[in-house]
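Report on the following structure.
Quick note: the coordinates plus some simple rules give every number you see, no bench work behind them. Just so it is clear, the model here is predicted, and its values are computed rather than measured.
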Amino acid sequence: MDAGNVRADDLLMLLAVARTGRYTAAAQLRGVDHTTVARRIAALEEALGGRLVAQSGRGWELTTLGAHAAETAGRIEAAMSQLAAGGAEPDPVSGVVRMSATDGFSAYIAAPAIAGLRERHPDLVVEVVAAQRRAALHRPGLDLEVVVGQPQTSRGTTVELGSYALGMYASRSYLDRHGHPRDLDELQTHGLVYFVDAMLQVEALDLPRRVVPRMRDGVTSTNVLVQVEATRAGAGIGMLPCFVADRHDDLERLLPETMTERLPYWMIVRADSMRIPAVAALADALREQTRRSKAMLDGVW
């Protein structure tokens, strides 16, 4: 290792790669081309005497040495921000935090939580990747994930945020045309609006195959907001989060006494990210917003 040859700009370049997981995206962030990113990362690896990033099918991931170097880069970035502020003590809850969550959680829990957090910390930037997938603590560039179902991992910090209710819904115009199902048997003669079965990564979301196994797929989508709109348009009967579907007066909930399911939200924070004040603050804000939204998530608001 030749620490004397370590350049602060190269460390900031590594930080950009850590945040984006892509050389091309890091290049845009730093205002250079992707070959410059590759060259500067290679120079930093030579100076530090080891690999800093490793390529996977999901992008560039930090090695253990890379995580230590990125932590140093974060402190350099904070010091530069302090200088730019004229020497004033910088707000530690600042910089870029990237999180992943489901569509419904992103829209109705994360968005208001982030808005409130940014009122208090205007230098904070939160990037929200809306996705329905398994937790992956090594997914490049993510500090925090919110998933459905308990994650099977012992790495990082895992917290159960709460749960939400799902029910069967149809538009009033659909019911006028096709009739109201009076029981489970009649319900299962209708087309189902739900997730794409072949692309469903989260076992906890495989509800219809258990509770209404004879329902045939009608319209399927990886996006719950598309499912809601397809149900409103009369494409079939949707199994939808109550806190999303109940916002629409043209949707009617069917058989609520027998067709109510509950699923848990879990938050996973990478161990190295939890030490970052901005990540810790976002995690606290999401916990508090979920707590305040309990009635909404329970489908009784």
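Brief remarks follow.
- Tilt relative to the chain, helix 111-120 - C-alpha long axis, 0 to 90 degrees, to 10: 40
- Remark on V97: its backbone amide H falls under 5 Å from those of V125, V126, E127, a criterion applied only to residues 5 or more positions apart or on other chains, H modelled at 1.01 Å from N.
- Residues whose amide H falls under 5 Å from that of V53, counting only those 5 or more places apart or on a different chain, are T63, with hydrogens built in the peptide plane.
- Considering helices alone, the calculated mean residue ellipticity of the chain at 222 nm is -11000 deg cm²/dmol, with DSSP H runs of length four and up weighted by -39500 (n - 2.57) and normalised per residue.
- Per-residue ³J(HN,Hα) for region 222-228, Karplus 6.51 cos²θ - 1.76 cosθ + 1.60, θ = phi - 60°, Hz, x for Gly and Pro: 7, 10, 5, 5, 5, 4, 4
- Rounded, prolate or oblate (a/c below 1.5 giving rounded, otherwise prolate when a/b exceeds b/c) for the chain by Cα gyration tensor: prolate
- Cα long-axis angle, helix 34-48 against the chain (0 to 90 degrees, to the nearest 10): 60
- Structure remark: mean-square fluctuation, Gaussian network model of the chain, C-alpha springs under 10 Å; the largest value among P213, P151, P264 belongs to P213.
- The chain: angle of helix 277-292 to the longest principal axis, Cα-based, in degrees nearest 10: 20
- Whole-Hz ³J(HN,Hα) from phi, Karplus 6.51 cos²θ - 1.76 cosθ + 1.60, for region 61-73, glycine and proline x: 10, 6, 7, 4, 4, x, 5, 5, 5, 5, 5, 4, 4
- For region 163-263: rounded, prolate or oblate by the Cα gyration tensor [a/c cutoff 1.5]: rounded
- Remark on L161: its backbone amide H falls under 5 Å from those of Y265, W266, M267, a criterion applied only to residues 5 or more positions apart or on other chains, H modelled at 1.01 Å from N.
- Rounded to 5, percent antiparallel among DSSP beta bridges of the chain: 65
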